[in-house]
Structure formats: structure tokens, C-alpha cells
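Student: Please read through the structure below; I'll follow up with questions.
The values are calculated or read from the model by the stated rules, or taken from the named source; none is laboratory data. Just so we're clear, the structure is a prediction, and the values are computed from it rather than from any experiment. Here Cβ is always computed from backbone atoms with ideal geometry, including for glycine, and neighbour counts include all displayed protein chains. Note: accessible area is taken over every heavy atom of the protein model, side chains too, but ligands, DNA and RNA are not part of it. Shrake-Rupley method; radii C 1.70, N 1.55, O 1.52, S 1.80 Å.
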Amino acid sequence: MAVNDTIADMLTRIRNANMARHQTTQVPATRMTRNIARVLHSEGFISEFEETGEGINKVLVISLKYKGKNRQPIITALKRVSKPGLRVYSNRKDLPRVLGGIGIAIVSTSSGIMTDREARRQNVGGEVLCYVW
């Protein structure tokens with residue numbers, strides 16, 4: 001099935017797998033989903049991700065992280081900010097702080113996809129893709 005908004009699709013798949021306490025979830029592999037997975041991994045929201053499949057059927061297998069005995073998901077929420085119908089851009093001065101710095105905003109900048117913290121450090125703004133906390 002062709003999806004218009006691959007990022008929203010990815011976030012929804014992770015959200016659903018999280019609520020069902022799944023160990024892994026599959027997301028169609030695109031350059032964008034790969035970069036978002038890389039940021040989530042480096043920020044410690046997911047344990048790992050790997051690419052499987054061939055050609056057009058490539059998927060990212062994302063391993064989710066839980067904490068404690070009753071397996072509380074590490075990711076409490078994923079929120080899509082910039083949508084295809086309404087793009088949300090932010091210059092470096094106005095980059096959002098998510099939950100006072102507890103969460104992260106994933107920003108697509110001219111220097112690649114990174115967290116709001118990283119973008120502030122590099123002095124770049126860009127499209128605010130989503131919030132994760």
C-alpha cells in the first residue's frame with residue numbers, strides 16, 4: 001500500500017507496537033525513516049534497528065525498548081508536527097523545547113536530520129518533523 005506521509009506512518013507503527021508491547025516492528029525503509037531511526041537510536045528511545053529485504057521491499061526492523069518488570073515503554077509519546085498539508089519550520093532561535101528538554105524534537109535541517117539540541121548547537125533551523133518523549 002502506498003503511503004503519502006511515510007513519517008506519520010512510521011510513528012504510528014512504532015506507537016502501535018509500543019502499546020501492544022511488541023519487541024520489534026517493521027517500517028518501510030526510506031532515507032527519511034532510516035535517519036529518524038538513527039536519531040531515535042542515538043537518543044536511546046529504541047534499542048536497535050536493521051535493514052532487511054531487497055530493492056523496493058526493504059524494511060527497517062526496529063527493536064523497541066521497555067523498562068522495569070511490567071515493561072513500561074521508553075517512548076511515552078510520538079507526535080507528528082510538520083504534516084504534508086501544513087509544514088512547520090523553525091529558525092534556530094525558535095526551535096521548540098519538548099517538555100522542558102525531557103523529550104526531543106526531530107528536525108530536518110540542511111545538515112541532515114537531528115535533534116533540536118543538536119540543531120541548536122550547530123546553529124541551524126529547519127522543518128520540525130516530530131516530537132518524541
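Student: Given (1) open to solvent by 30 Å² or more (accessible area, probe 1.4 Å); (2) over 15 Å from the mean Cα position of the chain (by Cα); (3) at pLDDT below 95, where does Val88 come up short, assuming only one miss?
Tutor: Result: Val88 passes all but (3).
Student: Among the residues of the range 92-121, write down those that are touching a strand residue (DSSP E or B) at 6+ places or on another chain (Cβ under 6 Å), small (Gly, Ala, Ser) and open to solvent by 10 Å² or more (accessible area, probe 1.4 Å).
Tutor: Ser108
Student: Looking at Val124 and the list (1) outside any helix (DSSP H, G or I); (2) crowded, with 20+ Cβ neighbours inside 10 Å; (3) over 12 Å from the mean Cα position of the chain (by Cα), which single condition is not satisfied?
Tutor: Evaluating Val124 over (1) outside any helix (DSSP H, G or I); (2) crowded, with 20+ Cβ neighbours inside 10 Å; (3) over 12 Å from the mean Cα position of the chain (by Cα) leaves (2) as the failure.
Per-residue answers, yes or no, for (1) touching a residue at least 24 places away in the same chain (Cβ under 8 Å); (2) under 20 Å from Ser42 (Cβ atoms); (3) out of contact with any helix residue (DSSP H, G or I) (no Cβ under 8 Å at 6 or more places or on another chain):
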site	(1), (2), (3)
Lys58	yes, no, yes
Leu95	yes, yes, no
Leu99	yes, yes, yes
Val107	no, yes, no
Ile113	yes, yes, no
Gly126	yes, yes, no
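Student: Can you find even one residue in the range 69-78 that is without any contact (Cβ under 8 Å) to a residue 60 or more places away in the chain, touching an Asp or Glu at 6+ places or on another chain (Cβ under 8 Å) and under 25 Å from Met19 (Cβ atoms)?
Tutor: no
Student: Sticking with this structure for a sec: Filter the range 53-64 down to residues that are at pLDDT 90 or above, out of contact with any Asp or Glu (no Cβ under 9 Å at 6 or more places or on another chain) and not hydrophobic (A, V, I, L, M, F, W, C), then give me how many there are.
Tutor: Going through the range 53-64 one residue at a time, the tally reaches 3.
Student: Checking Leu99 against (1) within 29 Å of Thr24 (Cβ to Cβ); (2) at pLDDT 90 or above, which single condition isn't satisfied?
Tutor: (2)
Student: Of all residues in the range 1-51, which are among the small types (Gly, Ala, Ser), open to solvent by less than 60 Å² (accessible area, probe 1.4 Å) and part of a helix (DSSP H, G or I)? Break it down stepwise before answering.
Tutor: Applying the first criterion (among the small types (Gly, Ala, Ser)) to the range 1-51 yields 2, 8, 17, 20, 29, 37, 42, 44, 47.
Applying the additional criterion that residues be open to solvent by less than 60 Å² (accessible area, probe 1.4 Å) yields 8, 17, 20, 29, 37, 44, 47.
Residues satisfying the conditions are Ala8, Ala17, Ala37.
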